[in-house]
Amino acid sequence: MVDLFPPPQDRNAGHDSARPAPRHDPVPHHGEDADGPRIWPFPHHLAEAGVQFLSRWAGPAALVGALLLIGWWLFR
């Protein structure tokens, strides 16, 4: 059987011309361990709890609102 494709080889094998790793900006630390001014005026866990509370009650509120609108439309 004839091998149609040669085995893959690294073109730069044996060369020391590899590109250096990219340098990224350091991650800013927010919270109790931060020394500088705080960007967010209250802790993130309170904001997350508020979003969870709103998302928990948004579905039932939309359902009740839709049922009230349908009832108002049918019985007016």
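The values are calculated or read from the model by the stated rules, or taken from the named source; none is laboratory data. The structure presented is a predicted model; accordingly, all values stated were derived computationally and were not measured. Using ideal geometry, Cβ is built from the backbone for each residue, glycine included, and neighbour counts are taken over all protein chains shown.
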Subject >> Test for LEU74: is it surrounded by 10 or more Cβ atoms within 10 Å (Cβ to Cβ) and modelled with pLDDT of 70 or more >> reply: no
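Here is a yes/no grid of residues against (1) among the acidic types (Asp, Glu); (2) at pLDDT 80 or above; (3) more than 25 Å from the chain's Cα centre (by Cα); (4) part of a loop (DSSP other than H, G, I, E, B):
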site	(1), (2), (3), (4)
ALA18	no, no, yes, yes
VAL27	no, no, no, yes
LEU46	no, yes, no, no
PHE53	no, yes, no, no
GLY59	no, yes, no, no
LEU63	no, yes, yes, no
ALA66	no, yes, yes, no
